[in-house]
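Right, one structure below, let's go through it.
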Amino acid sequence: MHCTITAATADKLTTNFGLGLVASGRMTGFQSQSRTRMNLKQHLDQRISQALSALTGQSDCVAMVAYSKSAQFGDYQANGVMALAKKLGKNPRELGQLLAQQLQLDDIVSKIEVAGPGFINLFVKPEFLSERLNKLNHAQLVAPAAQPQTVVIDYSSPNLAKEMHVGHLRGTIIGDAIARTFDYLGHRLIRHNHFGDWGTQFGMLITYMQDLGNSTELGTHLADLEQFYRAAKQRFDAEPDFAERARANVVKLQSGDADCLAMWQRFIQVSITHCQQLYDLLNITLTANDVVPESFYNNRLQAVMDTLIVKGLLKESDGAQCVFLDEFKTKEGEPLPVIVQKTGGGFLYATTDLAAIRYRCAELGAQRVLYVVDARQSLHFQQVFKVAQLAGFAKPECSLEHLSYGTMMGKDGKPFKTRSGDTIKLVDLCLESIERARELVSSKNPDLSTEQCAVIARAVGIGAVKYADLSKNRNSDYMFDWDTMLSFEGNTAPYLLYAYARIRSIFRKAELDTEANYVINVEAAEEKALALKLLQFTESVETLADECLPNQLCLYLYELSGLFMKFYECCPVLKAEGTVQQSRLGLCQLTALTLKQGLELLGITTLEQM
Ligand code: ARG
């Protein structure tokens with residue numbers, strides 16, 4: 001719709017919209033606002049929302065500030081005018097124009113423009129960028145959260161009966177990046193490795209151990225957990241007597257039989273050690289302190305049952321204790337119960353998860369509980385969360401979030417397996433990646449010593465596997481492909497690691513101090529684009545903590561590197577002189593720091609030299 005402003009409508013608009021603005025004339029500047037630790041995007045959003053409220057007399061205006069899609073539309077855009085105008089029955093463009101006239105953002109922007117049907121384009125001032133960048137704390141680029149939260153994150157959490165395989169990779173890598181980010185932002189972050197160490201499989205494994213008897217021989221057998229599991233399973237399937245003893249051992253174990261417990265303990269220890277070796281190889285922050293496995297909740301299960309009974313949530317069905325919820329039905333409309341106790345008394349996966357929610361919320365005081373678990377368990381979590389809320393294990397204000405992720409696919413579009421169709425051991429995958437990286441690095445740079453090459457290969461190989469996964473939206477399945485992840489071009493770990501090393505080499509070759517205080521003074525367009533991006537690191541990290549999507553930080557780092565490359569092409573650094581050189585060095589220094597910090601949040605080790 002196109003509409004011209006007549007004298008009458010203009011008058012009406014000003015009287016309606018003009019009034020409030022006087023009252024809001026004392027809007028706080030960025031300086032005082034930043035003490036409440038708002039990032040630039042939030043700050044602009046708040047000020048423009050306030051201005052809209054002042055202009056329209058509506059209390060709940062939302063400016064909807066977003067990044068502009070391209071530089072011609074400025075740096076940020078406020079997109080909320082259209083919806084507001086519609087609600088008020090006004091012409092959006094006229095409302096936009098009025099807003100643009102009245103907005104007082106001189107401290108931040110140099111130009112405000114109304115585009116299309118009422119988009120407000122904002123062009124950030126170079127002086128503002130320089131000033132903010134010069135004030136950044138290099139040791140902590142992003143200020144700690146103003147209101148730190150207690151957050152429990154449950155991730156990796158493999159079953160200990162078997163060796164870790166590729167299926168555990170995504171949850172481990174993605175969970176760790178999210179955990180690092182919360183830590184970095186100063187939240188009270190509690191890692192839980194909810195190891196599966198208490199299922200029926202352990203009866204089978206214990207029985208197999210008992211039959212092997214001799215403890216030195218047992219040690220050799222346990223060295224290959226995958227093989228061990230397979231051998232035990234074979235006997236379980238083939239020998240009814242073995243299976244019978246295995247089932248009896250589950251009961252004995254769960255009722256505290258000393259011999260069974262000792263065997264179990266020995267097995268678990270071997271398996272946890274194996275996991276820890278992988279965490280160390282992958283540079284995952286999980287340690288022995290974070291182990292809160294299923295067995296931990298064993299003596300908390302009865303209390304869960306008692307509460308469910310008191311709350312009237314339990315119902316018997318074919319001898320099993322179940323919770324039936326109206327919102328969960330099969331396609332055919334049949335009820336889909338949450339089974340919490342089997343016929344015969346055994347508890348289930350869901351029961352343990354209920355106990356875990358109660359522990360995390362009630363005893364640890366978690367405000368957010370994050371579950372980084374395969375998308376195939378999404379029904380399980382929906383059900384368990386619902387039951388936990390009804391039973392009061394989690395207060396309504398505690399946010400239970402299943403951060404699901406898709407399957408890792410091979411190039412053939414099927415779940416990633418070996419050629420013979422076996423699951424790939426995680427350790428083999430990591431070692432292969434390091435080996436591939438070593439070949440690549442030594443072919444690119446034959447002069448490297450063996451030791452140098454090994455260090456670089458490890459960082460590149462492990463970084464590539466992690467980054468390839470992190471850079472995709474976790475909700476989708478993702479295709480594992482060696483060639484793409486190890487490429488030095490595109491949104492990959494090698495590209496970013498190289499970008500970082502390249503900046504560091506500028507300083508090294510010119511023998512410049514990397515720690516010096518270089519004063520930034522943004523002038524050229526490429527400097528401005530880079531400076532704005534650097535300032536947006538905060539926004540990127542805070543968004544990661546809100547939305548738990550590490551791919552957004554990956555994209556940010558990739559774009560930052562791209563802007564740096566452009567800047568470096570267009571704005572000579574070492575050939576420049578005086579304050580211009582100082583300023584450009586400052587931009588180089590800050591880019592390197594940001595890349596290093598960003599990659600660290602993703603769990604990727606940077607290299608000074610490649
Ligand atoms: N051990 C489970 C599995 O391998 C994952 C556990 C996830 N965490 C949880 N609290 N249920 O599938």
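Some observations on this one:
- Overall, the chain carries a charge dipole of about 1300 debye about its Cα centre when +1 sits on the Cβ of Lys and Arg and -1 on the Cβ of Asp and Glu, all other atoms neutral.
- Once C-alpha pairs closer than 8 Å and six or more residues apart are averaged by separation and normalised to the residue number of the chain, the relative contact order reads 13 percent.
- Cα centre as origin, Lys/Arg/Asp/Glu Cβ charges: the range 459-601 dipole, Debye: 360
- Low-density loop cleavage sites - trypsin sites (Lys or Arg not before Pro) in the range 287-332, where at most 16 other Cβ are within 10 Å (DSSP): K311, K331
- For C361, neighbours were defined as the other residues whose beta-carbon sits under 11 Å from its Cβ, and their charges (Lys and Arg +1, Asp and Glu -1) total +2.
- Compactness relative to 2.2 N^0.38 Å, alpha carbon Rg of the range 499-578: 1.24
- Counting DSSP beta bridges with both ends in the chain, the antiparallel % (nearest 5): 55
- Extension gain, D326 back to K86 (0.36 nm per residue minus Cα-Cα distance, nm): 82.6 nm
- In the range 526-610, the trypsin sites (Lys or Arg not before Pro) that fall in loop regions by DSSP, at most 15 other Cβ within 10 Å: K575
- In the chain, taking the dipole from charged Cβ atoms about the Cα centre, the farthest positive-side position among V573, N289, H194 is held by V573.
- The calculated FRET efficiency for T287 paired with Q581, based on their beta-carbon distance and R0 = 35 Å, is about 0.20.
- J(HN,Hα) series, the range 194-207, from Karplus relation 6.51 cos²θ - 1.76 cosθ + 1.60, nearest Hz, glycine and proline x: 8, 3, x, 10, 9, x, 5, 4, 6, x, 5, 5, 4, 4
- Cleavage-rule hits (chymotrypsin sites (Phe, Trp or Tyr not before Pro)) in the range 308-391: DSSP loop, at most 14 neighbouring Cβ within 10 angstrom: F324
- Against the chain, whose longest principal axis is taken from its Cα atoms, helix 301-310 shows a tilt of about 70°.
- Kirkwood-type radius of the range 161-305, with distances r between different C-alpha atoms, in Å: 16.8
- Within the shell of other residues whose beta carbon sits under 11 angstrom from the beta carbon of K596, the net charge comes to -1, with Lys and Arg scored +1 and Asp and Glu -1.
- Seen against the Cα atoms of the chain and their longest principal axis, helix 578-601 is set at about 30 degrees.
- Relative to the dominant Cα principal axis of the chain, helix 169-184 is inclined by about 50°.
- Computed extension length for K411-A303: 34.1 nm, one decimal, from 0.36 nm per residue of separation with the Cα-Cα distance subtracted.
- In the frame of its principal axes, the chain has Cα extents of 93, 69, 41 Å, reported largest first.
FYI, it's all coordinate maths here, none of it is from the lab. Predicted model, so just to flag it, every value in this text is computed and none were measured. Because the Cβ atoms are built from the backbone with ideal geometry, glycine has one as well, and the counts that use them run over all protein chains shown.
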